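As structure tokens, the structure follows; a few thoughts come after it.
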Amino acid sequence: MQSAISNDNLPKSMRYGLMSANAVQAEAMLARYSSVNGTSYTSSGSNEIRIKVKANGFLESSKHYLSFTVTGATANCNVDTHAGSFFDRVTIEANGNVVEQISSYGLYNSIRQTYNCPLHKIFKNAAESGAGQLEFKNQAADAGADDGKIIKVRPGSLGEAITATHSKVFCIQLESGLLLNHHAKALPNGLVELDIVLRLAGNNQALIAATGNAPTYTISDPALFCPVYQIMNGDVNASYNQVVASEGIMWSGDSCKTYINSMTNGAGTKNLQINDRSLSCKALVTAFRDEGVDSAINKYANGAYGFQDGTGTMTSYKYIIGSKNYPQSDVNISTATNGLNVGRVSEETLKALAKHGEKYCEGTVDRHQLVGDILDLFASATDAASTDVPKGLVSVDLKKFSDDGLRMVGLNTAANSSPNTLEVTHTAMAGALSATTFAIVEAFFQMAPNGSLTSAM
């Protein structure tokens, strides 16, 4: 027997009563927060930018951006991967207390811009953030031998060119769990003043150029722009103030903690200490780079990380947390053409760097960029190794659920004091490698009734 027909049985195209609700009355403006400790900065001089942020309303931090001018000197150069490379550390303080700090920020930012970067964002980053664009590697002239050959297109690591004495204005978002939090929550009205402190990266760490060149840069006129809105409805404001007065407000976001190790070049199995202590560790992501890369002008300090250096290669890895293996079976790696095996390591990374509530991240890394040589060098603007340097990460996904309605979905690595290590097996390398591990963690931010801000991770 046919059941009674209701609105639920009708297609949405016929449900004319299904409409958007009217927004509460409000006013909005784009606020500008300038640096308070000068207007010009260099990596070897005044190398910290301090910006104070206090909103008269709700700060819609998911739409923030940092604008700054970069002026080059001494030699022509290019941005290393993305304009976030100009910053080595990002710290956010409230009442003098650190509520979030991301070290090795240029590398972390580069990873996020690579693995959380759908196609439309590649063009946005190229236009605003001096990032590398879609490129293909030109083939040498060979009298038609390459006619009909498939030329693969991939995002490059060579960022915006900066001619000596020229200036460029860049706009970037800061990869902060406080600002880019879960569910895009506005920072609440009444929040205490925040201090955003940006420490500049070294010249060779931020820039890429040919061997023998020594470009420098100056940053001037840095400012944070962010929309601020005020609610004009008295009942809504009264209800909000009542909630704040009784219990405060809490929100969360994905942040990271940084651990740096050195791995010697001799063949064998190496154990690298991490010892993360977090309430909810969602993933561990390790970038292997040439040791000393941050001081080499002809190497991508932030854009090159992988599994082999042209001499040796990693063959397997696992993380050991509280005497348990993660993942439970070793992840095997082979970068050889015959026997290529990068499927599982790619799978773990795509899950590890997924945004909150999502199963996989939107990475733009192809097979070629997983097996590249860490030691590939920039020779010139026309021979830049831009699409050849690798983007391979050693990762493990530790989330129990991928659901944006849940929190505390990661592994509690603070539950005991057992050592946490990364175990890597590799053949003999050309030289020592730097291993930078980012623990992707849930950060919980609490605003008290008096507006003070604390955090727990």
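What the table below lists for this structure:
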read-out	value
Rule-of-thumb Rg ratio for the range 344-388 [Cα; 2.2 N^0.38 Å; N residues]	1.50
Calculated diffusion of the range 310-457, Stokes-Einstein form, Kirkwood radius summed over Cα pairs, 25 °C and 0.890 mPa s, µm²/s	137
R0 of 51 Å, Cβ-Cβ distance Y65-Q328: FRET efficiency to nearest 0.05	0.75
Lys pairs under 20 Å by Cα in the range 102-210, provided they are eight or more residues apart or on distinct chains	5
Karplus-derived HN-Hα couplings along the range 11-27 (A = 6.51, B = -1.76, C = 1.60, θ = phi - 60°), whole Hz, x at Gly and Pro	x, 4, 5, 9, 8, 6, x, 8, 9, 6, 7, 5, 5, 5, 5, 7, 10
Debye log10 I(q)/I(0) for the range 385-457, one point scatterer per Cα, at q = 0.16, 0.22, 0.26, 0.27 Å⁻¹	-0.91, -1.20, -1.37, -1.40
Whichever aspartates and glutamates have a C-alpha closer than 17 Å to that of K257, once near sequence neighbours (fewer than 8 apart) are set aside	D88, E93, E100, E175, D276, D397, E442
Table column - 3J(HN,Hα) (Hz), the range 220-234, Karplus curve with 6.51, -1.76, 1.60, x for Gly and Pro	9, 6, x, 7, 9, 10, 7, x, 10, 10, 10, 7, 9, 8, x
Extension reserve of the E48-M19 stretch, reckoned as 0.36 nm per residue once the Cα distance is removed	5.5 nm
Fully extended contour minus Cα-Cα distance, from E128 to V169, at 0.36 nm per residue	13.9 nm
Neighbour-count ranking [beta-carbon atoms within 10 angstrom, fewest first] of H356, H426, H183	H183, H356, H426
Residue-by-residue Karplus 3J(HN,Hα) for the range 206-214, coefficients 6.51, -1.76, 1.60, Hz, glycine and proline x	8, 10, 10, 7, 6, 3, x, 8, 9
Two-site label geometry, S418 and A245: point separation in nm, points 7 Å out along Cα→Cβ	4.9
Estimated Rh, the range 276-343: Kirkwood, alpha-carbon pairs, angstrom	14.5
Principal axes of the range 218-267: Cα extent on each, largest first, Å	68, 35, 14
Long-range lysine pairs (8 or more apart or interchain), the range 313-457, Cα under 22 Å	18
Which of V236, A210, V394, positive extreme of dipole for the chain (C-beta unit charges)	V236
Distance histogram for the range 58-129 (every C-alpha pair counted, 10 angstrom bins, percent rounded to whole numbers)	15, 42, 33, 9, 0
Contour minus Cα-Cα distance for L10 and A430 (0.36 nm per residue)	144.5 nm
Separation between Cα centres of the range 18-62 and the range 194-239, rounded to whole Å	9
For the range 239-326, radius of gyration divided by Kirkwood radius, i.e. Rg to Rh on alpha-carbons	1.17
For the range 226-374, Kirkwood radius (reciprocal of mean inverse C-alpha pair distance, Å)	19.3
Given 15 as the ceiling on other Cβ atoms within 10 Å, longest exposed-site-free region of the chain for chymotrypsin sites (Phe, Trp or Tyr not before Pro) in DSSP loops	17-400
Alpha-carbon Rg/Rh ratio, for the range 106-205, with Rh computed the Kirkwood way	1.11
Whole-Å semi-axes of the ellipsoid equivalent to the chain (Cα gyration tensor, √5λ, descending)	38, 29, 25
Kirkwood hydrodynamic radius of the range 158-254, Cα pairs, Å	17.8
Test item: Cα-centred dipole of the chain, Lys/Arg +1 and Asp/Glu -1 on Cβ, debye	600
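Read the figures in this text as sums done on the coordinates, not as results from a lab. Since the model is a prediction, treat every value here as computed from it, not as a measurement. No Cβ is skipped: glycine too gets one built from the backbone with ideal geometry, and neighbour counts run over all protein chains shown.
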